[in-house]
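Below is one structure; the comments refer to it alone.
The values are calculated or read from the model by the stated rules, or taken from the named source; none is laboratory data. In this text, all values refer to a predicted model and were calculated from it rather than measured experimentally. Every residue, glycine as well, gets a Cβ built from its backbone with ideal geometry; the counts of neighbours run over all protein chains shown. Calculation scope for accessible area: heavy atoms of the full protein, side chains included, ligands and nucleic acids excluded. Shrake-Rupley method; radii C 1.70, N 1.55, O 1.52, S 1.80 Å.
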Amino acid sequence: MAAAEGVLERVRELAWFGETERVMAARLRSLLLESGCEELLSLRVAAGEHTARPAHLPSPRVINPGDALGVSVCGRWDGYCAEAARVFVVAEPPEDFEAMYSVVLAAHRAGLAALRPGVPAGEVARAVAEVIDGSGYGRFAAAHAGRGVGLGPDEGPGEDTVLEPGMTYCLEPAIHVPDLFGARVADVVLCAEEGALPLGTAPHPLHVLDR
C-alpha cells in the first residue's frame, strides 16, 4: 500500500496544466514501474466531467485549471495487490465540489469506524451509505463501498461474510454526479483485533495542483 500511495503522493510534483489524461497516465505508469510494481492492474486519470464516470479510462481530454481530478492506481508488489485512489483539483475547485468531497471523506471515516472483527462486510457498506444518503447525494453513490484485496484485486467478500482479523479490505466510497464531477477515495485497510487499521495515510485533504 505504501508503494501505491507513494506514487500518488508524487502527483503534486508533476505539471498537469495543458496535458492530456493519457499523457499523465503514461507518466504515472513510469512512476509505478520505478516503485517496483510487478504488475499494473489498473491506472485511471479522469479530469472534469470524466470524474463522474466510474469506469473511465485515460483519454485525449486536456486537463485545465478549474478541473476536478481523480487518480487511482492498482498493482501488485511482492505478490500482493494494493490500490489507492486520490482526489485533486487543478488551480481551484469547481463550484460545490468541496462540499461533495467532504461527504466522501465522512463516508470513509464511517466505513473505518464500522470495520472490525465479527462484523458482516455489509455493515461497512451500510455505514458508508448512511452518510452519503443523509447528505442528499445517495442517488449518486457508487454501487460498492469496498471489496476484499490481497493476492487478487477483488476477493469479495459478500455482504454476509463476517470480517476476521487479518483480512484486508479496500474501502472505496465514491460519489459520481453525471456530467459534473465525482470523487472516490480508496485505501487498503487491515481488519485488526482492535478495529480498522489503514495501511496508508488518512485523512485525505483536497490537494490543489498549481501547475
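Computed values, structure above
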{"read-out": "Residue within the stretch 158-177 that is in contact with a Leu (Cβ under 7 Å, 6 or more places away or on another chain), of a type outside the set (A, V, I, L, M, F, W, C) and either part of a helix (DSSP H, G or I) or touching a residue at least 24 places away in the same chain (Cβ under 8 Å) (or both) present", "value": "yes"}
{"read-out": "Selection from the stretch 68-105 of residues that are surrounded by 17 or more Cβ atoms within 10 Å (Cβ to Cβ) and more than 23 Å from Gly6 (Cα to Cα)", "value": "Pro93, Pro94, Phe97, Met100, Val103"}
{"read-out": "Yes/no for Pro165 being at pLDDT 95 or above and under 25 Å from Ser42 (Cα atoms)", "value": "no"}
{"read-out": "So Leu115, is it under 28 Å from Ala3 (Cα atoms), among the hydrophobic types (A, V, I, L, M, F, W, C) and out of contact with any Phe, Trp or Tyr (no Cβ under 7 Å at 6 or more places or on another chain)", "value": "no"}
{"read-out": "Residue match in the stretch 138-145 (condition: in contact (Cβ under 8 Å) with a residue 12 or more places away in the chain, more than 18 Å from the chain's Cα centre (by Cα) and open to solvent by 40 Å² or more (accessible area, probe 1.4 Å))", "value": "no"}
{"read-out": "Every residue from the stretch 57-86 that is within 16 Å of Ala25 (Cβ to Cβ) and of a type in the set (A, V, I, L, M, F, W, C)", "value": "Leu57, Val62, Ile63, Leu69, Val71, Val73, Cys74, Ala84, Ala85"}
{"read-out": "Among (1) outside any loop (DSSP other than H, G, I, E, B); (2) in contact with a helix residue (DSSP H, G or I) (Cβ under 9 Å, 6 or more places away or on another chain) - the single one Asn64 does not satisfy", "value": "(1)"}
{"read-out": "Pairs with Cβ under 9 Å, 6+ apart, first in the stretch 23-38 and touching a residue at least 24 places away in the same chain (Cβ under 8 Å), second aliphatic (A, V, I, L, M) and open to solvent by 50 Å² or more (accessible area, probe 1.4 Å)", "value": "Ala25/Leu57; Leu32/Leu40"}
{"read-out": "Test: residue in the stretch 33-44 that is outside any strand (DSSP E or B), open to solvent by 30 Å² or more (accessible area, probe 1.4 Å) and within 23 Å of Pro173 (Cβ to Cβ)", "value": "no"}
{"read-out": "Check on Ala143, hydrophobic (A, V, I, L, M, F, W, C) and either at pLDDT below 95 or more than 19 Å from Gly195 (Cβ to Cβ) (or both)", "value": "yes"}
{"read-out": "Condition met for Ala25 (closer than 30 Å to Gly152 by Cα, part of a helix (DSSP H, G or I) and in contact with a strand residue (DSSP E or B) (Cβ under 8 Å, 6 or more places away or on another chain))", "value": "yes"}
